[in-house]
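Student: One structure is given below, represented as structure tokens, and several questions about it will come after.
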Amino acid sequence: MPLFGNTFSPKKTPPRKCASLSNLHTLDRSTREIELGVEYGAPVMDIGGQSLKFEDGQWISESSGNVSGKEMQRLKKRNLQLEEENNLLKLKNEVLLDMLSESTAETYLVQKELEDMKSNTRRRK
């Protein structure tokens, strides 16, 4: 039995109603269409005088001086293709140099054997 009466038992608080942070749910459909527009389109933002547009999962600069964002993307893709082609050509060049070295070494060995055979036949005579 408690010394000063009942044990401490606070009352349960009633559950809170979720309040939306947006007031768009209070607007009717026509007002929402006017505010948001019917077609939302791609997100666009302006930062430091540059306009960025979100297309195909990437932010593309629409105002990058003389070259447009799409042109810059195309140039980067072309640059990557040329680098890959350059690497392939370097590899082919290395293979050709190896083949040339091998054939040169074989030719040298054949000439050496031929000279040895000639010198052996001269000694026998």
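The values are calculated or read from the model by the stated rules, or taken from the named source; none is laboratory data. Since the structure is predicted, the reported quantities are computational estimates derived from the model, not experimental observations. When we count neighbours, we look across all protein chains shown, and the Cβ atoms used for this are built from the backbone with ideal geometry, even at glycine. Side chains are part of the model used for accessible areas, which takes the heavy atoms of the whole protein and leaves out ligands, DNA and RNA. Shrake-Rupley method; radii C 1.70, N 1.55, O 1.52, S 1.80 Å.
Student: Looking at region 65-72, is at least one residue modelled with pLDDT under 95 and among the charged types (D, E, K, R)? Please lay out each step first, then the result.
Tutor: First, the residues of region 65-72 that are modelled with pLDDT under 95: 65-72.
Keeping just the survivors that are among the charged types (D, E, K, R) gives 70-71.
Checked against the condition, which is being modelled with pLDDT under 95 and among the charged types (D, E, K, R), region 65-72 yields at least one hit.
Student: Answer yes if at least one residue in region 73-80 is in contact with a strand residue (DSSP E or B) (Cβ under 7 Å, 6 or more places away or on another chain) and open to solvent by less than 80 Å² (accessible area, probe 1.4 Å), and no otherwise.
Tutor: Residues of region 73-80 that are in contact with a strand residue (DSSP E or B) (Cβ under 7 Å, 6 or more places away or on another chain), as a first pass: 73.
Next, only the ones that are open to solvent by less than 80 Å² (accessible area, probe 1.4 Å) stay: 73.
Checked against the condition, which is being in contact with a strand residue (DSSP E or B) (Cβ under 7 Å, 6 or more places away or on another chain) and open to solvent by less than 80 Å² (accessible area, probe 1.4 Å), region 73-80 yields at least one hit.
Student: A further question on this structure: Could you tell me which numbered condition Thr26 fails, if it satisfies all but one of (1) at pLDDT below 95; (2) of a type in the set (Val, Ile, Thr); (3) surrounded by 10 or more Cβ atoms within 10 Å (Cβ to Cβ)?
Tutor: Of everything listed in (1) at pLDDT below 95; (2) of a type in the set (Val, Ile, Thr); (3) surrounded by 10 or more Cβ atoms within 10 Å (Cβ to Cβ), Thr26 misses just condition (3).
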